1. If each of A119 and Y48 carries a label point 7 Å out from its Cα toward its Cβ, how far apart are those two points in nm?
2. For region 184-195, what does the Karplus curve 6.51 cos²θ - 1.76 cosθ + 1.60, with θ = phi - 60°, yield as ³J(HN,Hα) per residue in whole Hz, taken in order and with x for Gly and Pro?
3. I need the peptides 266-278, 306-318 ranked by packing, meaning the mean over residues of other C-beta atoms within 10 angstrom, with the highest value on top.
4. In what sequence, highest mean first, do 185-196, 61-72, 320-331 appear when ranked by Cβ atoms within 10 angstrom?
5. For region 65-116, what % of the accessible area comes from carbon and sulfur atoms, probe 1.4 Å?
Amino acid sequence: MALLGSRRPVLRGKVVLGFVLASILLAALQLVPLPPAWWAGLPGRSAYAVADVIAGGAPPWRPMAIVPSLTRNALNSLVVPLATVLLIADPRRVNDRLILRLLVCLVVATMGLGLLQFAGIPLYVPIINGGDEISGNFANKNHYALVMAFGLMLVPVWAFYEQRAMNWRVPVTLALIPLLVLAILASGSRAGMAVGIIALAVAGVLVRRPLRYALRRYPRWVLPSVVGGMIVTLVSLFAVSFVAGRAVSVDRALALDPSQDMRRSGLPTVWAMVGEYFPIGAGLGSFDTIFRQHEPISLLKLTYFNRAHDDFLEIVLDAGLLGLVLMMAVLGWWAAMSWRVWRPRKISDTVLPRVGSAMLLLTMLASIVDYPARTPMIMFLVVIAAVWLGEHSEQGEGSFTG
(Lines give C-alpha, C1' and ligand atoms only; values in the text may rest on other atoms or scores of the structure.)
Protein backbone atom coordinates (compact mmCIF):
# COMPACT_ATOMS: atom_id res chain seq x y z
CA MET A 1 0.00 0.00 0.00
CA ALA A 2 2.83 2.39 0.84
CA LEU A 3 4.43 1.79 -2.57
CA LEU A 4 1.29 1.59 -4.70
CA GLY A 5 -0.77 4.31 -3.01
CA SER A 6 -1.45 7.75 -4.38
CA ARG A 7 1.50 10.12 -4.75
CA ARG A 8 0.23 12.72 -2.35
CA PRO A 9 2.68 14.64 -0.21
CA VAL A 10 3.13 13.61 3.40
CA LEU A 11 0.60 15.64 5.38
CA ARG A 12 1.59 14.62 8.89
CA GLY A 13 4.34 12.75 10.64
CA LYS A 14 7.06 14.67 8.84
CA VAL A 15 9.27 14.84 11.93
CA VAL A 16 8.71 11.14 12.60
CA LEU A 17 9.56 10.34 8.99
CA GLY A 18 12.73 12.41 9.39
CA PHE A 19 13.76 10.38 12.44
CA VAL A 20 13.09 7.11 10.60
CA LEU A 21 15.09 8.23 7.57
CA ALA A 22 17.94 9.38 9.83
CA SER A 23 17.99 5.92 11.43
CA ILE A 24 18.08 4.28 8.00
CA LEU A 25 20.93 6.56 6.92
CA LEU A 26 22.86 5.78 10.12
CA ALA A 27 22.54 2.02 9.52
CA ALA A 28 23.52 2.42 5.86
CA LEU A 29 26.63 4.44 6.77
CA GLN A 30 27.81 1.62 9.00
CA LEU A 31 27.80 -0.70 5.96
CA VAL A 32 30.03 1.48 3.74
CA PRO A 33 33.40 -0.33 3.18
CA LEU A 34 36.46 1.47 4.52
CA PRO A 35 40.15 1.16 3.58
CA PRO A 36 42.05 -1.30 5.83
CA ALA A 37 44.15 1.42 7.47
CA TRP A 38 41.09 3.51 8.28
CA TRP A 39 39.18 0.54 9.62
CA ALA A 40 42.04 -0.65 11.82
CA GLY A 41 42.23 2.79 13.40
CA LEU A 42 38.63 2.71 14.59
CA PRO A 43 38.04 2.09 18.33
CA GLY A 44 37.80 -1.60 19.28
CA ARG A 45 39.13 -2.95 15.96
CA SER A 46 42.76 -3.53 16.94
CA ALA A 47 42.30 -7.22 17.76
CA TYR A 48 40.88 -7.87 14.30
CA ALA A 49 43.71 -5.94 12.67
CA VAL A 50 46.24 -8.13 14.51
CA ALA A 51 44.40 -11.20 13.28
CA ASP A 52 44.78 -9.94 9.69
CA VAL A 53 48.51 -9.56 10.17
CA ILE A 54 48.81 -13.08 11.58
CA ALA A 55 46.75 -14.50 8.72
CA GLY A 56 48.97 -12.78 6.16
CA GLY A 57 47.91 -11.34 2.83
CA ALA A 58 46.29 -8.02 2.11
CA PRO A 59 43.58 -7.11 4.63
CA PRO A 60 40.16 -6.55 3.00
CA TRP A 61 38.08 -3.42 2.98
CA ARG A 62 35.52 -3.68 5.75
CA PRO A 63 32.42 -1.70 6.74
CA MET A 64 32.35 0.21 10.00
CA ALA A 65 30.07 -2.44 11.53
CA ILE A 66 32.02 -5.32 13.05
CA VAL A 67 29.23 -7.82 12.20
CA PRO A 68 27.86 -6.52 8.85
CA SER A 69 25.23 -9.25 8.48
CA LEU A 70 23.57 -8.21 11.73
CA THR A 71 23.72 -4.54 10.78
CA ARG A 72 22.07 -5.36 7.45
CA ASN A 73 19.36 -7.17 9.39
CA ALA A 74 18.88 -4.08 11.57
CA LEU A 75 18.68 -1.92 8.44
CA ASN A 76 16.09 -4.25 6.88
CA SER A 77 13.97 -4.15 10.04
CA LEU A 78 13.49 -0.40 9.59
CA VAL A 79 11.11 -1.12 6.72
CA VAL A 80 8.40 -1.54 9.39
CA PRO A 81 8.50 2.01 10.80
CA LEU A 82 9.06 3.46 7.32
CA ALA A 83 6.02 1.67 5.86
CA THR A 84 3.92 2.60 8.89
CA VAL A 85 4.61 6.32 8.74
CA LEU A 86 3.99 6.36 4.97
CA LEU A 87 0.70 4.49 5.34
CA ILE A 88 -0.77 6.82 7.94
CA ALA A 89 0.73 10.03 6.57
CA ASP A 90 -2.50 11.05 4.84
CA PRO A 91 -5.47 11.18 7.28
CA ARG A 92 -7.86 11.30 4.30
CA ARG A 93 -6.81 7.78 3.38
CA VAL A 94 -6.26 6.25 6.83
CA ASN A 95 -8.06 8.26 9.52
CA ASP A 96 -7.53 8.12 13.26
CA ARG A 97 -10.84 6.39 14.00
CA LEU A 98 -9.79 3.50 11.80
CA ILE A 99 -6.32 3.39 13.37
CA LEU A 100 -7.73 3.42 16.89
CA ARG A 101 -10.11 0.56 16.09
CA LEU A 102 -7.27 -1.38 14.51
CA LEU A 103 -5.07 -0.95 17.58
CA VAL A 104 -7.85 -2.01 19.95
CA CYS A 105 -8.47 -5.14 17.85
CA LEU A 106 -4.73 -5.85 17.81
CA VAL A 107 -4.47 -5.52 21.59
CA VAL A 108 -7.55 -7.67 22.22
CA ALA A 109 -6.33 -10.41 19.86
CA THR A 110 -2.90 -10.40 21.54
CA MET A 111 -4.54 -10.50 24.97
CA GLY A 112 -6.74 -13.39 23.86
CA LEU A 113 -3.75 -15.52 22.91
CA GLY A 114 -2.15 -14.83 26.27
CA LEU A 115 -5.33 -15.69 28.20
CA LEU A 116 -5.60 -18.97 26.29
CA GLN A 117 -2.08 -19.77 27.46
CA PHE A 118 -3.06 -18.67 30.96
CA ALA A 119 -5.99 -21.10 30.85
CA GLY A 120 -3.56 -23.94 30.14
CA ILE A 121 -4.31 -24.35 26.45
CA PRO A 122 -1.02 -25.26 24.71
CA LEU A 123 -0.21 -22.96 21.83
CA TYR A 124 2.84 -24.45 20.19
CA VAL A 125 3.37 -21.73 17.64
CA PRO A 126 6.97 -21.04 16.48
CA ILE A 127 6.82 -17.38 17.48
CA ILE A 128 5.73 -18.23 21.00
CA ASN A 129 8.41 -18.91 23.58
CA GLY A 130 8.09 -22.67 23.85
CA GLY A 131 4.39 -22.51 24.73
CA ASP A 132 5.16 -22.36 28.48
CA GLU A 133 5.14 -18.58 28.96
CA ILE A 134 2.22 -16.14 28.99
CA SER A 135 3.39 -13.94 26.14
CA GLY A 136 0.63 -13.98 23.51
CA ASN A 137 2.16 -13.75 20.05
CA PHE A 138 5.45 -12.41 21.42
CA ALA A 139 8.55 -14.38 22.33
CA ASN A 140 9.12 -12.10 25.32
CA LYS A 141 6.70 -11.65 28.22
CA ASN A 142 7.85 -8.07 28.82
CA HIS A 143 6.86 -7.04 25.31
CA TYR A 144 3.48 -8.72 25.70
CA ALA A 145 2.87 -6.92 29.01
CA LEU A 146 3.80 -3.57 27.46
CA VAL A 147 1.20 -4.02 24.71
CA MET A 148 -1.37 -4.90 27.41
CA ALA A 149 -0.44 -1.64 29.16
CA PHE A 150 -1.03 0.19 25.87
CA GLY A 151 -4.46 -1.43 25.83
CA LEU A 152 -5.29 -0.05 29.26
CA MET A 153 -5.15 3.42 27.68
CA LEU A 154 -6.37 2.67 24.16
CA VAL A 155 -9.53 0.79 25.14
CA PRO A 156 -11.01 3.54 27.40
CA VAL A 157 -10.19 6.20 24.80
CA TRP A 158 -11.86 4.07 22.12
CA ALA A 159 -14.96 3.82 24.33
CA PHE A 160 -15.41 7.59 24.44
CA TYR A 161 -13.94 8.56 21.07
CA GLU A 162 -17.31 8.62 19.28
CA GLN A 163 -20.35 9.72 21.26
CA ARG A 164 -22.85 7.75 19.18
CA ALA A 165 -21.07 4.45 19.91
CA MET A 166 -20.60 4.96 23.64
CA ASN A 167 -23.71 3.01 24.69
CA TRP A 168 -22.18 -0.36 23.86
CA ARG A 169 -18.49 0.48 24.04
CA VAL A 170 -18.49 1.49 27.70
CA PRO A 171 -19.65 -1.90 29.05
CA VAL A 172 -17.23 -3.65 26.69
CA THR A 173 -14.44 -1.49 28.11
CA LEU A 174 -15.46 -2.27 31.69
CA ALA A 175 -15.10 -5.96 30.82
CA LEU A 176 -11.81 -5.62 28.93
CA ILE A 177 -9.86 -3.63 31.52
CA PRO A 178 -9.89 -6.39 34.18
CA LEU A 179 -8.84 -8.90 31.51
CA LEU A 180 -5.93 -6.68 30.47
CA VAL A 181 -4.84 -6.37 34.10
CA LEU A 182 -5.13 -10.14 34.50
CA ALA A 183 -2.99 -10.66 31.40
CA ILE A 184 -0.24 -8.41 32.82
CA LEU A 185 -0.31 -10.17 36.20
CA ALA A 186 -0.16 -13.59 34.56
CA SER A 187 2.70 -12.65 32.23
CA GLY A 188 5.31 -12.63 34.97
CA SER A 189 6.68 -9.30 33.76
CA ARG A 190 7.82 -7.02 36.58
CA ALA A 191 8.37 -4.14 34.16
CA GLY A 192 4.93 -4.80 32.67
CA MET A 193 3.34 -4.49 36.10
CA ALA A 194 5.03 -1.11 36.61
CA VAL A 195 4.03 0.34 33.23
CA GLY A 196 0.53 -1.13 33.68
CA ILE A 197 0.03 0.90 36.86
CA ILE A 198 1.15 4.05 35.04
CA ALA A 199 -1.16 3.25 32.12
CA LEU A 200 -4.15 2.90 34.45
CA ALA A 201 -3.36 6.30 35.99
CA VAL A 202 -3.07 7.92 32.55
CA ALA A 203 -6.32 6.30 31.43
CA GLY A 204 -8.06 7.73 34.48
CA VAL A 205 -6.88 11.22 33.55
CA LEU A 206 -7.94 10.84 29.91
CA VAL A 207 -11.49 9.61 30.58
CA ARG A 208 -12.28 11.60 33.71
CA ARG A 209 -14.01 14.48 31.97
CA PRO A 210 -15.80 12.50 29.23
CA LEU A 211 -17.00 9.98 31.83
CA ARG A 212 -18.42 12.83 33.90
CA TYR A 213 -20.07 14.19 30.75
CA ALA A 214 -21.58 10.80 29.87
CA LEU A 215 -23.10 10.47 33.36
CA ARG A 216 -24.29 14.08 33.59
CA ARG A 217 -27.99 13.04 33.52
CA TYR A 218 -27.60 10.64 36.44
CA PRO A 219 -27.43 11.44 40.17
CA ARG A 220 -24.07 12.62 41.46
CA TRP A 221 -23.42 9.41 43.37
CA VAL A 222 -23.32 7.36 40.15
CA LEU A 223 -19.89 8.61 38.99
CA PRO A 224 -18.01 7.85 42.24
CA SER A 225 -19.85 4.52 42.41
CA VAL A 226 -18.66 3.56 38.93
CA VAL A 227 -15.08 4.60 39.68
CA GLY A 228 -15.12 2.93 43.09
CA GLY A 229 -16.60 -0.24 41.62
CA MET A 230 -13.84 -0.44 39.02
CA ILE A 231 -11.15 0.10 41.67
CA VAL A 232 -12.69 -2.60 43.91
CA THR A 233 -12.88 -4.98 40.94
CA LEU A 234 -9.23 -4.45 40.02
CA VAL A 235 -8.03 -4.77 43.62
CA SER A 236 -10.12 -7.92 44.09
CA LEU A 237 -8.75 -9.38 40.87
CA PHE A 238 -5.23 -8.64 42.03
CA ALA A 239 -5.85 -10.22 45.45
CA VAL A 240 -7.50 -13.35 44.05
CA SER A 241 -4.72 -13.81 41.47
CA PHE A 242 -2.07 -13.41 44.15
CA VAL A 243 -3.70 -15.83 46.60
CA ALA A 244 -4.26 -18.37 43.82
CA GLY A 245 -0.62 -18.13 42.80
CA ARG A 246 -1.43 -16.82 39.33
CA ALA A 247 -0.04 -13.30 39.77
CA VAL A 248 3.34 -14.34 38.39
CA SER A 249 4.52 -10.73 37.95
CA VAL A 250 4.04 -10.06 41.67
CA ASP A 251 5.67 -13.36 42.64
CA ARG A 252 8.74 -12.58 40.53
CA ALA A 253 8.99 -9.09 42.01
CA LEU A 254 8.86 -10.45 45.57
CA ALA A 255 11.36 -13.21 44.78
CA LEU A 256 13.83 -10.91 43.04
CA ASP A 257 17.44 -11.71 43.89
CA PRO A 258 19.76 -8.94 42.64
CA SER A 259 22.73 -11.32 42.54
CA GLN A 260 20.89 -13.53 40.03
CA ASP A 261 19.72 -10.68 37.81
CA MET A 262 21.79 -10.88 34.62
CA ARG A 263 20.77 -7.34 33.68
CA ARG A 264 22.51 -5.97 36.76
CA SER A 265 25.42 -8.41 36.66
CA GLY A 266 26.23 -7.68 33.04
CA LEU A 267 25.91 -3.89 33.29
CA PRO A 268 29.58 -3.16 34.19
CA THR A 269 30.72 -5.20 31.18
CA VAL A 270 28.31 -3.36 28.90
CA TRP A 271 29.55 0.01 30.17
CA ALA A 272 33.13 -1.06 29.50
CA MET A 273 32.15 -2.06 25.96
CA VAL A 274 30.53 1.33 25.37
CA GLY A 275 33.78 3.04 26.37
CA GLU A 276 35.86 0.79 24.14
CA TYR A 277 33.84 1.33 20.94
CA PHE A 278 32.82 4.97 21.45
CA PRO A 279 32.53 7.29 19.51
CA ILE A 280 32.12 5.09 16.40
CA GLY A 281 30.13 2.21 17.86
CA ALA A 282 30.35 -1.51 17.21
CA GLY A 283 27.57 -1.62 14.60
CA LEU A 284 23.81 -1.91 14.91
CA GLY A 285 22.58 -5.34 15.93
CA SER A 286 26.01 -6.64 16.92
CA PHE A 287 25.55 -6.83 20.70
CA ASP A 288 25.29 -10.61 21.03
CA THR A 289 28.48 -11.30 19.06
CA ILE A 290 30.47 -8.50 20.67
CA PHE A 291 29.37 -9.33 24.21
CA ARG A 292 30.65 -12.91 23.87
CA GLN A 293 34.13 -11.52 23.27
CA HIS A 294 34.01 -9.37 26.41
CA GLU A 295 31.97 -11.65 28.69
CA PRO A 296 33.89 -12.50 31.90
CA ILE A 297 34.04 -16.09 33.12
CA SER A 298 31.91 -15.17 36.13
CA LEU A 299 28.95 -14.48 33.82
CA LEU A 300 29.16 -17.66 31.76
CA LYS A 301 26.00 -19.76 31.91
CA LEU A 302 23.96 -22.14 29.76
CA THR A 303 21.83 -19.31 28.37
CA TYR A 304 23.19 -16.31 26.51
CA PHE A 305 22.80 -12.58 27.01
CA ASN A 306 21.17 -11.56 23.74
CA ARG A 307 20.74 -7.83 24.49
CA ALA A 308 22.04 -5.24 26.91
CA HIS A 309 18.51 -5.01 28.39
CA ASP A 310 18.98 -1.27 28.45
CA ASP A 311 18.15 -0.07 24.98
CA PHE A 312 19.45 3.45 25.57
CA LEU A 313 22.84 2.05 26.49
CA GLU A 314 22.81 -0.45 23.62
CA ILE A 315 22.08 2.30 21.09
CA VAL A 316 25.21 4.18 22.23
CA LEU A 317 27.21 0.93 22.12
CA ASP A 318 26.03 0.06 18.60
CA ALA A 319 25.78 3.49 16.99
CA GLY A 320 28.28 5.56 18.95
CA LEU A 321 28.12 9.34 19.00
CA LEU A 322 25.77 9.60 16.01
CA GLY A 323 23.35 7.23 17.70
CA LEU A 324 23.55 9.23 20.92
CA VAL A 325 22.85 12.51 19.10
CA LEU A 326 19.87 11.01 17.25
CA MET A 327 18.52 9.49 20.44
CA MET A 328 18.81 12.80 22.31
CA ALA A 329 17.04 14.57 19.44
CA VAL A 330 14.15 12.10 19.66
CA LEU A 331 13.93 12.42 23.45
CA GLY A 332 14.05 16.21 23.22
CA TRP A 333 11.29 16.23 20.60
CA TRP A 334 9.14 13.91 22.75
CA ALA A 335 9.63 16.13 25.82
CA ALA A 336 8.79 19.35 23.94
CA MET A 337 5.72 17.90 22.25
CA SER A 338 4.50 16.23 25.43
CA TRP A 339 4.73 19.53 27.28
CA ARG A 340 2.57 21.15 24.63
CA VAL A 341 -0.15 18.47 24.52
CA TRP A 342 -0.43 17.96 28.29
CA ARG A 343 -0.89 21.64 29.08
CA PRO A 344 -4.48 22.45 30.15
CA ARG A 345 -6.67 22.85 27.10
CA LYS A 346 -9.79 21.40 25.54
CA ILE A 347 -9.27 17.64 25.79
CA SER A 348 -11.03 16.92 22.49
CA ASP A 349 -8.07 18.55 20.75
CA THR A 350 -5.40 16.52 22.47
CA VAL A 351 -6.68 13.06 23.40
CA LEU A 352 -4.77 11.08 20.78
CA PRO A 353 -1.60 13.20 21.11
CA ARG A 354 -1.74 12.55 24.84
CA VAL A 355 -2.20 8.82 24.26
CA GLY A 356 0.77 8.93 21.89
CA SER A 357 2.87 10.76 24.48
CA ALA A 358 1.99 8.20 27.16
CA MET A 359 2.62 5.22 24.86
CA LEU A 360 6.09 6.54 24.06
CA LEU A 361 6.75 7.17 27.77
CA LEU A 362 5.82 3.58 28.64
CA THR A 363 8.05 2.30 25.83
CA MET A 364 10.98 4.38 27.07
CA LEU A 365 10.49 3.19 30.65
CA ALA A 366 10.33 -0.43 29.49
CA SER A 367 13.46 0.15 27.39
CA ILE A 368 15.49 0.88 30.53
CA VAL A 369 15.39 -2.84 31.37
CA ASP A 370 14.49 -4.40 28.03
CA TYR A 371 14.30 -3.82 24.26
CA PRO A 372 10.58 -3.61 23.28
CA ALA A 373 10.98 -1.17 20.39
CA ARG A 374 13.08 -3.72 18.46
CA THR A 375 10.04 -5.96 17.81
CA PRO A 376 8.04 -5.28 14.61
CA MET A 377 4.64 -4.96 16.31
CA ILE A 378 5.87 -2.46 18.89
CA MET A 379 7.79 -0.59 16.18
CA PHE A 380 4.43 -0.23 14.42
CA LEU A 381 2.71 0.98 17.60
CA VAL A 382 5.52 3.39 18.49
CA VAL A 383 5.41 5.06 15.07
CA ILE A 384 1.64 5.55 15.33
CA ALA A 385 2.07 6.98 18.83
CA ALA A 386 4.75 9.38 17.58
CA VAL A 387 2.58 10.57 14.68
CA TRP A 388 -0.30 11.15 17.09
CA LEU A 389 1.99 13.09 19.43
CA GLY A 390 2.96 15.38 16.57
CA GLU A 391 -0.69 16.30 16.03
CA HIS A 392 -2.57 19.04 17.92
CA SER A 393 -6.10 18.36 16.70
CA GLU A 394 -8.18 15.44 15.53
CA GLN A 395 -8.70 17.14 12.16
CA GLY A 396 -12.39 16.33 12.21
CA GLU A 397 -11.82 12.57 12.28
CA GLY A 398 -13.62 11.95 15.56
CA SER A 399 -14.72 13.60 18.75
CA PHE A 400 -13.74 12.77 22.29
CA THR A 401 -16.83 13.65 24.23
CA GLY A 402 -16.53 16.14 27.03
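The values are calculated or read from the model by the stated rules, or taken from the named source; none is laboratory data. Keep in mind that what you see is a predicted model, and the values were worked out from it rather than measured. In this analysis, Cβ positions are derived from the backbone assuming ideal geometry, glycine residues included, and neighbour counts consider all displayed protein chains. Accessible surface is based on the protein model in full, side chains and every heavy atom, while ligands, DNA and RNA are left aside. Shrake-Rupley method; radii C 1.70, N 1.55, O 1.52, S 1.80 Å.
1. Using points 7 Å along Cα→Cβ, the separation is 5.1 nm.
2. Karplus values, whole Hz, x for Gly and Pro: 5, 4, 6, 5, x, 8, 5, 5, x, 5, 5, 5.
3. On the way: 266-278: 16.9, 306-318: 21.2.
Highest-to-lowest ranking by the protection proxy: 306-318, 266-278.
4. Values: 185-196: 24.9, 61-72: 19.2, 320-331: 16.2.
Top of the packing list down: 185-196, 61-72, 320-331.
5. In region 65-116, the share of accessible area belonging to carbon and sulfur is 69 percent.
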